[in-house]
Amino acid sequence: MGKKITDKVTWVGKVDWELRKFHGDEYSTHRGSSYNSYLIRDKKTVLIDTVWLPYDKEFVSRLKEEIDLNQIDYIIANHGEVDHSGSLPELLREIPGTPVYCTANAVKSIKGQYHEDWNFITVKTGDKLELGDTTLTFIEAPMLHWPDTMFTYMSGDNILFSNDGFGQHFASETLFNDSVDPSELYAEAIKYYANILTPFSQMVIRKINEIQGLGLPLDMICPSHGIIWKDNPMQIVEKYLKWADAYQENQITIVYDTMWNATRRMAETIAEGILEADPDVTVKLYSASKTDKTDIITEVFRSRAVVVGSPTVNGGHLYAIAGILELMRGMKFKKKKAAAFGSYGWSGEAVKIINEELEKAGFEVVDTGYRATWLPDENQLEQIREYGKQLATRL
Ligand code: FEO
């Protein structure tokens, strides 16, 4: 059965406690997730979004317990990605012809995936759907995070249905932000922003300013993943404005990989040097091959600078470092500094290659980096510690 949000709105989604990987293998979901679908019952009845494809039969069957499907007048698809549109085929087999309200780009993305010519009604920003006592207003939100994305605002209850925006991969049996551990919620919200929305930060700022300019009262934000922002919903909007503005904390993250521990010794020694020179900075070290990549990206997002290390292997850097550098490139981080280091036996190209990749990724590379031969001895380690001290001021 659904869970009541207001007199008119019922949550009819799916909590996925088992989920540990999302977007294929791209995103780790240590705390599971949910696919939120909402039923609005006014004089007209509306379903906002559905749930991920593997749960389509369960979704439709549970929806039938909540309502006679033939009473659903409209379906709204705020976004075409399969975690929200995946149950449309199963649902529309039961109620074919039900209008599906979405953006023009969502018609393309939904048709592109399901190859069905459903009764699409294309909407633009400002278009309205009267339900009786309440009205829905559509707000296109392209690239937050697909071209097809839109938000839907419900008057009366003053709810913004924001789809992925303001979401978190966070399974909870309770619905609201004031019923969960705030530190766990914060960790999942910032991870979600860092990994999904960072590349679109300028659009995040523009869209929030646009919506605030409409002067709509806001009592709740209902995203399509995780909990609902009911207690002070503006808190997540304010966080988004901070995160979208080249966010950084006083943190330096060292990301490295190592074969025989020489580059790891370098990483640890650079960290000691940085902290010796600047005891106030938070320094964190992550092995790229042993640490979840989504978590590393979250730590890079929080950092003012990164230091990336790899030994030289076959004239290049290690595979895990190549992978994390590619993820960092895609994030389009702003105003972050960087440096590189690594050990080598004979040719030593890795540091130069890492620097080039960091520059391509938009980082300000502060020097040519530090290379050490073989396994550093005490004398070399002292020089590396000194390099760390210098980095503390350069980064
Ligand atoms: Fe949660 Fe972009 O789908």
Item to check | Checklist (1) within 22 Å of GLY362 (Cα to Cα); (2) away from the ligand (no atom under 16 Å from the Cβ) applied to ASN209, failing item | outcome: (1)
Next on the checklist: Condition first: more than 16 Å from the ligand (Cβ to nearest atom) and free of Cβ contacts under 8 Å to residues at least 60 places away in the same chain. Now tell me which residues in the range 46-62 satisfy that.
Outcome noted: LEU47, LYS57, GLU58, VAL60, SER61
Checklist entry - Quick check, is LYS43 assigned to a helix (DSSP H, G or I), open to solvent by 20 Å² or more (accessible area, probe 1.4 Å) and more than 14 Å from the ligand (Cβ to nearest atom)? => result no
Checklist entry - Of these, GLY24, GLY32, which one is in the same structural domain as TYR153 (by TED's automatic domain parsing) and at pLDDT below 95? => result GLY24
Checklist outcome for this item: Note on the range 79-94: residues part of a loop (DSSP other than H, G, I, E, B) and open to solvent by 10 Å² or more (accessible area, probe 1.4 Å) are GLU81
Next on the checklist: Yes or no: the range 83-95 includes at least one residue that is in contact (Cβ under 8 Å) with a residue 60 or more places away in the chain and either within 16 Å of the ligand (Cβ to nearest atom) or closer than 19 Å to VAL9 by Cα (or both).
Outcome noted: yes
Item to check | Unmet criterion (only one of (1) of a type in the set (A, V, I, L, M); (2) modelled with pLDDT of 95 or more; (3) more than 16 Å from the ligand (Cβ to nearest atom)) for LEU175 | outcome: (2)
Checklist entry - Can you tell me which residue in the range 350-364 is nearest to the chain's Cα centre (by Cα), limited to those that are crowded, with 19+ Cβ neighbours inside 10 Å and not polar (S, T, N, Q)? => result ALA361
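The values are calculated or read from the model by the stated rules, or taken from the named source; none is laboratory data. Just so it is clear, the structure is predicted and the values come from calculations on it, not from any experiment. Cβ sites come from the backbone with ideal geometry, for glycine too, and all protein chains shown count toward neighbours. Note: areas computed on protein heavy atoms with side chains; ligands, DNA, RNA excluded. Shrake-Rupley method; radii C 1.70, N 1.55, O 1.52, S 1.80 Å.
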